[in-house]
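The values are calculated or read from the model by the stated rules, or taken from the named source; none is laboratory data. Quick caveat, the model's predicted, so the values are computed rather than measured. Using ideal geometry, Cβ is built from the backbone for each residue, glycine included, and neighbour counts are taken over all protein chains shown.
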Amino acid sequence: MQLECQAIIFDLDGVLVDSIPGVLRIWREWARIHGLNHPDLDTLAITARTEEAVKQLVPHLDVFAEVQYLEEQEATAIEGLRPISGAAFLLKSLPPESWSVFTSVRRETALAKLRAANLPEPRILISGDQVQHGKPAPHGYLLAAEQIGVDPRECLVVEDTPVGIEAAAAGGIPVIALATTHSLEKLIGAQVILSDLNAIQVTVCSSTALSKPDDYKRLSRIILDLHPIL
C-alpha cells in the first residue's frame, strides 16, 4: 500500500517513544496516593493534556500543583526509555522540515523523552501547553500543519490511540495507526494500521508546488510504502 504527503505529524508516546508503561506507572501511583479509583484513569493518562486529565479526575485538588508534579515525574522518570522500533531510521529518512511532533505533554517533558530515546528534536514541536483544547480536538495537529507551512490535507498523522485518530480526522488529516498501545478493533478510522514504524519505507521526491502556492511552502513529496497488519 502507498500513501503520499508533504509532511508527517507524529504523536510521541507510543508512536516515537516506547514510554506508555512508564506513563501508566506514574499515573497509577499518583492515583493510589490520592485514593483515586477512576475507570478512565489509564485512557486519560495516555491521551489527554495533563491539565485536562487532572481537572476531570480530581477537580477538588490544586490542579496547578498536581499537573506540575505529574509533569516533573514524567520528565525525570526517563531512564531506559527506548524508541519505538523503526523510529530512528524513519526520522533520518525524512527531510527535517517535513516532519513534526504533536504531544499532549509539556514541551520540556517531550524533549526529555526524545533525548532519552536518542531521537532527534523536531524543528516543530507542538506540546500540550500550546493548545487550548487537547485531543480529540484537532487544534494541535492543525497548528503543526500551519507551522510546517502545508495544507493539513497534504499531511499524514501517525497515532496509536483512538482519541488521537479522532483528533486528526476532525482536522481532515489522514491517519496511520500503530498497534503499539491499543488493539486493532480500537483503531477504527485510520487509513491503515501498522505493527510499528519498521512497516514504513520512505521515498522522497523533488519539491512540488501545491494548488495554493501563495499560501503554502514548497516541500518535497513523500511517498510511503506501507506494510499493514490487515
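Here is how the numbers come out for the structure above:
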{"quantity": "Single match in ILE9, ILE26 (criterion: at negative phi, touching a Phe, Trp or Tyr at 6+ places or on another chain (Cβ under 6 Å) and among the β-branched types (Val, Ile, Thr))", "calculated": "ILE9"}
{"quantity": "Positions within segment 129-143 being within 12 Å of the chain's Cα centre (by Cα) and farther than 13 Å from ILE165 by Cβ, in sequence order", "calculated": "GLY134, GLY140"}
{"quantity": "Residue count for segment 142-184, restricted to those that are within 18 Å of SER19 (Cβ to Cβ), assigned to a strand (DSSP E or B) and not aliphatic (A, V, I, L, M)", "calculated": "1"}
{"quantity": "Residues within segment 190-199 that are surrounded by 22 or more Cβ atoms within 10 Å (Cβ to Cβ) and closer than 14 Å to LEU16 by Cβ, tallied", "calculated": "2"}
{"quantity": "Meets criteria (within 30 Å of ARG153 (Cβ to Cβ) and of a type outside the set (A, V, I, L, M, F, W, C)) for GLY14", "calculated": "yes"}
{"quantity": "Top-ranked residue in segment 204-220 [being surrounded by 13 or more Cβ atoms within 10 Å (Cβ to Cβ) and within 13 Å of SER93 (Cα to Cα); ranked as modelled with the lowest pLDDT]", "calculated": "SER220"}
{"quantity": "Subset of segment 32-61 (residues that are within 20 Å of the chain's Cα centre (by Cα) and among the charged types (D, E, K, R))", "calculated": "ASP40, ASP42, ARG49, GLU51, GLU52"}
{"quantity": "Any chance GLU66 is within 15 Å of GLY22 (Cβ to Cβ), among the charged types (D, E, K, R), more than 17 Å from the chain's Cα centre (by Cα) and part of a helix (DSSP H, G or I)", "calculated": "no"}
{"quantity": "Residues of segment 17-50 satisfying the condition of being surrounded by fewer than 21 Cβ atoms within 10 Å (Cβ to Cβ), in contact with a helix residue (DSSP H, G or I) (Cβ under 7 Å, 6 or more places away or on another chain), charged (D, E, K, R) and not in a helix (DSSP H, G or I)", "calculated": "none"}
{"quantity": "Residues located in segment 67-116, provided they are closer than 24 Å to VAL163 by Cα and among the basic types (Lys, Arg)", "calculated": "ARG82, ARG106, ARG107, LYS113"}
{"quantity": "Tally, over segment 138-158, of residues that are surrounded by fewer than 21 Cβ atoms within 10 Å (Cβ to Cβ) and under 11 Å from SER104 (Cβ atoms)", "calculated": "0"}
{"quantity": "Which numbered condition GLY80 fails, given (1) closer than 16 Å to SER19 by Cβ; (2) assigned to a helix (DSSP H, G or I); (3) modelled with pLDDT under 95", "calculated": "(2)"}
{"quantity": "Complete set of residues in segment 132-188 that are free of Cβ contacts under 8 Å to residues at least 12 places away in the same chain and among the aromatic types (Phe, Trp, Tyr)", "calculated": "none"}
{"quantity": "Test result for ALA87, within 17 Å of the chain's Cα centre (by Cα) and without any contact (Cβ under 8 Å) to a residue 40 or more places away in the chain", "calculated": "no"}
{"quantity": "Test result for THR161, over 23 Å from GLU72 (Cβ atoms), among the hydroxyl-bearing types (Ser, Thr, Tyr) and crowded, with 23+ Cβ neighbours inside 10 Å", "calculated": "yes"}
{"quantity": "Counted residues, segment 54-96 - those being buried (at least 17 other Cβ atoms within 10 Å of the Cβ), on the phi < 0 side of the Ramachandran plot and not hydrophobic (A, V, I, L, M, F, W, C)", "calculated": "5"}
